[in-house]
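To keep things clear, I will list the structure first and then write my remarks on it.
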There are 2 protein chains.
Amino acid sequence: MYSYQHPHPAVSIDCAIFGLDEGELKVLLIERKHEPFKGRWALPGGFVEMDEDIDEAARRELEEETGVRKVFLEQVGAFGAPGRDPRERVITIAHLAIVNLHDHKVRAASDASEASWFPAAKPPALAFDHRKILEASLAKLRDKASREPLFVEFLPKRFTLTQLQHFYEVVLGEALDKRNFRKKIMSYGAIKELEAFEVGKAPRSARLHRFDSKAWTVLKKAGRSFAI
Amino acid sequence: MYSYQHPHPAVSIDCAIFGLDEGELKVLLIERKHEPFKGRWALPGGFVEMDEDIDEAARRELEEETGVRKVFLEQVGAFGAPGRDPRERVITIAHLAIVNLHDHKVRAASDASEASWFPAAKPPALAFDHRKILEASLAKLRDKASREPLFVEFLPKRFTLTQLQHFYEVVLGEALDKRNFRKKIMSYGAIKELEAFEVGKAPRSARLHRFDSKAWTVLKKAGRSFAI
DNA sequence: CCAAAAGTGTTAGAGATACACCCATGG
DNA sequence: CCATGGGTGTATCTCTAACACTTTTGG
């Protein structure tokens, strides 16, 4: 089955990096400086080194791009249509990453001439097949967010239930009933009320909450899901 | 971001080919004739050619291996730990395939010294990281089967409700209540009763059904899922 | 004082679960 | 005639969905 005569394409990784900004789902794009697709926006990425695992490569690129180390990162899938890169055969392995825009100031975000955040739902024209890759990443994000507590990756450690509800509304793309939402999300027993309140925001300041990941681990083992 | 100096690993595809046999979920394995892992069982696979898309390569390998053309085939993901192939760096893109053992006589199945079907839940020792790949493929299969009518890929065109229930019990790994199962599965409106009955089987022969894919397309567009 | 967001319960209906017996037939 | 798998209905309970007003406070 294996022989020593076989093709050796280039293999890259690309990252769809998502963040929540002002109640909108954003994706981080970089502006290409060179041909092909010079001047076009693209998902950040790079080549996989010979001695590194695929997700190591993704993590490395992610850190180079955003300066952030500990982030949620997951493989989306391989895209390898011949001709997707006009220079040579490049198979890319798409990844989905989430950064918390509240805790970290993302390096690239300040460097706006080269990298900036765009609405994930309506991105500008993208290089290569990155439009397709972005769509697939978004689909995966929605799927995962509706069954696992992915919001911990997007929100600050202490958050209000309104922030949480906005997260679900943005990701799922539908409006949710406030009372039903609170009832359900609290019923899982993995979100704890804090004694602290938000400062200097709305007319009335909202109670802060945190996600109790230990409680969640226990509940998950007992077969609980986290569907909204 | 792209340069012309970058690594070129080998890229292969591997297929976890599933089938339902005597009410058991089976996976097709081949016996390796050469080193490394000579004599070990492995998932069938091969290298991606320079001018073919990834899923084309998977489809080609699948046909070479099983003689079957039209099958359900979907990407599971890329596996690329350095050293997973002792000879050189090989990144593999795992695929999940389903063949219907009733309609097709799979070519490799008769050629038992080289390829045969094993229980998917307890496979023999496998070459490379194929154990991990098989686990991931099984997980994906379970996930998909519990929300989409995947059974059409496993069962003959005309099937009994008992066969259908067995399918779900095998894939989901839990016993289901007969009455509740029938109520629910029929409530989707995508399974039609036929006037025909099974021949020469059980004491009492069971009514045959078929999946109405046109009706399902309509229902799906209306937002229906197919969860059990 | 008022605009704006926070917070809070109840009810009706849909869907899920639990459960047991008779029927038809081949051997 | 009996062992075997085929087929059927109901009651209860849980979960979901719909729905509106009071509270607080910064400007």
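May I ask you to list the residues in segment B:192-211 that are within 12 Å of DNA strand D (Cβ to nearest atom) and in contact with a Leu (Cβ under 9 Å, 6 or more places away or on another chain)?
Step one: filter segment B:192-211 for residues within 12 Å of DNA strand D (Cβ to nearest atom), giving B:193-198, B:201-209.
Passing the criteria: B:193, B:194, B:195, B:196, B:197, B:198, B:206, B:207, B:208, B:209.
Looking at (1) closer than 23 Å to residue B:73 by Cβ; (2) away from DNA strand D (no atom under 16 Å from the Cβ), which is the only condition residue B:218 fails?
All conditions are met except number (1).
Only one of A:187, A:205, A:225 is loosely packed, with under 13 Cβ neighbours inside 10 Å, more than 30 Å from residue A:77 (Cα to Cα) and of a type in the set (Ser, Thr, Tyr); which? Break it down stepwise before answering.
Values: A:205 fails: loosely packed, with under 13 Cβ neighbours inside 10 Å; A:225 fails: more than 30 Å from residue A:77 (Cα to Cα).
Of the residues listed, the single one that is loosely packed, with under 13 Cβ neighbours inside 10 Å, more than 30 Å from residue A:77 (Cα to Cα) and of a type in the set (Ser, Thr, Tyr) is A:187.
Return the residue satisfying two criteria in turn: it lies in segment A:171-189 and is in a loop (DSSP other than H, G, I, E, B) and within 18 Å of residue A:160 (Cβ to Cβ), and of such residues it is farthest from DNA strand C (Cβ to nearest atom).
First, the residues of segment A:171-189 that are in a loop (DSSP other than H, G, I, E, B): A:173-177, A:188-189.
From what's left, within 18 Å of residue A:160 (Cβ to Cβ): A:175-177, A:188.
Values: A:175: 14, A:176: 12, A:177: 7, A:188: 16 Å.
Within segment A:171-189, the match that is farthest from DNA strand C (Cβ to nearest atom) is A:188.
Counting just the residues of segment A:6-27 that are more than 17 Å from residue A:129 (Cβ to Cβ) and at the interface with chain B (Cβ under 9 Å from one of its Cβ atoms), which one comes out surrounded by the fewest Cβ atoms within 10 Å (Cβ to Cβ)?
Step one: filter segment A:6-27 for residues more than 17 Å from residue A:129 (Cβ to Cβ), giving A:6-8, A:17-26.
Applying the additional criterion that residues be at the interface with chain B (Cβ under 9 Å from one of its Cβ atoms) yields A:6-8.
Working: A:6: 16, A:7: 14, A:8: 16.
Per the criteria, the residue is A:7.
Could you identify the single residue in A:151, A:159, A:211 that is at pLDDT 95 or above, within 15 Å of DNA strand C (Cβ to nearest atom) and more than 14 Å from every other protein chain (Cβ to nearest Cβ)?
Values: A:151 fails: within 15 Å of DNA strand C (Cβ to nearest atom); A:211 fails: within 15 Å of DNA strand C (Cβ to nearest atom).
Just one listed residue meets the conditions, A:159.
Of the residues in segment A:4-39, how many are farther than 24 Å from residue A:101 by Cβ and at pLDDT below 95? It would help to see each step written out before you state the result.
Step one: of segment A:4-39, the residues farther than 24 Å from residue A:101 by Cβ are A:4-12, A:33-39.
Narrowing the set further to residues that are at pLDDT below 95 leaves A:4-6, A:33-39.
The qualifying residues number 10.
Here is a check on your reading of the model: is residue A:120 more than 12 Å from DNA strand D (Cβ to nearest atom), under 19 Å from residue A:100 (Cα atoms) and small (Gly, Ala, Ser)?
Working: more than 12 Å from DNA strand D (Cβ to nearest atom): yes; under 19 Å from residue A:100 (Cα atoms): yes; small (Gly, Ala, Ser): yes.
Considered against the rule, which asks whether it is more than 12 Å from DNA strand D (Cβ to nearest atom), under 19 Å from residue A:100 (Cα atoms) and small (Gly, Ala, Ser), residue A:120 comes out as yes.
Looking at segment B:159-177, can you tell me whether even one residue there is closer than 21 Å to residue B:63 by Cα and of a type in the set (Gly, Ala, Ser)? Talk me through it step by step, then tell me what you get.
Here is the first cut: in segment B:159-177, the ones closer than 21 Å to residue B:63 by Cα are none.
No; the residues of segment B:159-177 include none that is closer than 21 Å to residue B:63 by Cα and of a type in the set (Gly, Ala, Ser).
When the residues of segment A:126-149 are narrowed to those that are aliphatic (A, V, I, L, M) and surrounded by fewer than 18 Cβ atoms within 10 Å (Cβ to Cβ), which ends up farthest from residue A:180 (Cα to Cα)? Even if it seems obvious, please write down each step before you answer.
We begin by selecting, within segment A:126-149, every residue aliphatic (A, V, I, L, M); these are A:126-127, A:133-134, A:136, A:138-139, A:141, A:145.
Those left that are additionally surrounded by fewer than 18 Cβ atoms within 10 Å (Cβ to Cβ): A:136, A:139.
Working: A:136: 30, A:139: 25 Å.
Across segment A:126-149, the extreme among qualifying residues is A:136.
Go through segment A:64-86 and give me each residue that's at pLDDT below 95 and of a type outside the set (Asp, Glu). Quick ask: steps written out before the conclusion?
In the first step, residues of segment A:64-86 are kept if they are at pLDDT below 95; the result is A:64-71.
A:66, A:67, A:68, A:69, A:70, A:71, listed by residue number.
Would it be correct to say that residue B:192 is surrounded by fewer than 19 Cβ atoms within 10 Å (Cβ to Cβ), more than 12 Å from DNA strand C (Cβ to nearest atom) and either closer than 23 Å to residue A:77 by Cβ or in contact (Cβ under 8 Å) with a residue 24 or more places away in the chain (or both)? Can you show your working first?
On the way: surrounded by fewer than 19 Cβ atoms within 10 Å (Cβ to Cβ): yes; more than 12 Å from DNA strand C (Cβ to nearest atom): yes; either closer than 23 Å to residue A:77 by Cβ or in contact (Cβ under 8 Å) with a residue 24 or more places away in the chain (or both): no.
Taking the combined requirement at face value, the residue does not satisfy it.
Taking residue A:184 as the residue in question, decide whether it is of a type outside the set (Val, Ile, Thr) and more than 10 Å from DNA strand D (Cβ to nearest atom). I'd like the intermediate steps shown before the answer.
Details: of a type outside the set (Val, Ile, Thr): yes; more than 10 Å from DNA strand D (Cβ to nearest atom): no.
Here the answer is no, as residue A:184 does not meet what is asked.
Among the residues of segment A:28-85 satisfying the criterion of being in a strand (DSSP E or B) and more than 10 Å from every other protein chain (Cβ to nearest Cβ), which is nearest to residue A:126 (Cα to Cα)?
To start, the set of residues in segment A:28-85 that are in a strand (DSSP E or B) comprises A:28-31, A:41-42, A:45-47, A:72-79.
Next, from what is left, pick out any that are more than 10 Å from every other protein chain (Cβ to nearest Cβ): A:28-29, A:31, A:41, A:72-73.
Values: A:28: 12, A:29: 9, A:31: 9, A:41: 5, A:72: 24, A:73: 22 Å.
Filtering first and then ranking leaves A:41.
Could you count how many residues in segment B:206-218 are in a helix (DSSP H, G or I) and within 12 Å of residue B:191 (Cα to Cα)? Don't jump to the end; show me each part of the working.
Applying the first criterion (in a helix (DSSP H, G or I)) to segment B:206-218 yields B:213-218.
Next, from what is left, pick out any that are within 12 Å of residue B:191 (Cα to Cα): B:213-216.
Looking only at that region, the number is 4.
With respect to residue B:88, is the statement that it is under 30 Å from residue A:58 (Cα atoms), part of a helix (DSSP H, G or I) and either more than 9 Å from every other protein chain (Cβ to nearest Cβ) or not hydroxyl-bearing (Ser, Thr, Tyr) (or both) true? Outline the logic, then answer.
Details: under 30 Å from residue A:58 (Cα atoms): yes; part of a helix (DSSP H, G or I): no; either more than 9 Å from every other protein chain (Cβ to nearest Cβ) or not hydroxyl-bearing (Ser, Thr, Tyr) (or both): yes.
So residue B:88 fails the test.
Does residue B:167 satisfy being in contact with a Pro (Cβ under 7 Å, 6 or more places away or on another chain) and in contact (Cβ under 8 Å) with a residue 40 or more places away in the chain?
Values: in contact with a Pro (Cβ under 7 Å, 6 or more places away or on another chain): no; in contact (Cβ under 8 Å) with a residue 40 or more places away in the chain: yes.
Here the answer is no, as residue B:167 does not meet what is asked.
So which of A:86, A:82 is out of contact with any helix residue (DSSP H, G or I) (no Cβ under 8 Å at 6 or more places or on another chain) and surrounded by fewer than 16 Cβ atoms within 10 Å (Cβ to Cβ)? Full working, then the answer.
Values: A:82 fails: surrounded by fewer than 16 Cβ atoms within 10 Å (Cβ to Cβ).
Going through A:86, A:82 in turn, just one is out of contact with any helix residue (DSSP H, G or I) (no Cβ under 8 Å at 6 or more places or on another chain) and surrounded by fewer than 16 Cβ atoms within 10 Å (Cβ to Cβ): A:86.
The values are calculated or read from the model by the stated rules, or taken from the named source; none is laboratory data. Note that the structure is predicted; figures quoted are calculated from it, not measured. So basically every Cβ, Gly included, is an ideal-geometry build from the backbone, and we count neighbours across all protein chains shown.
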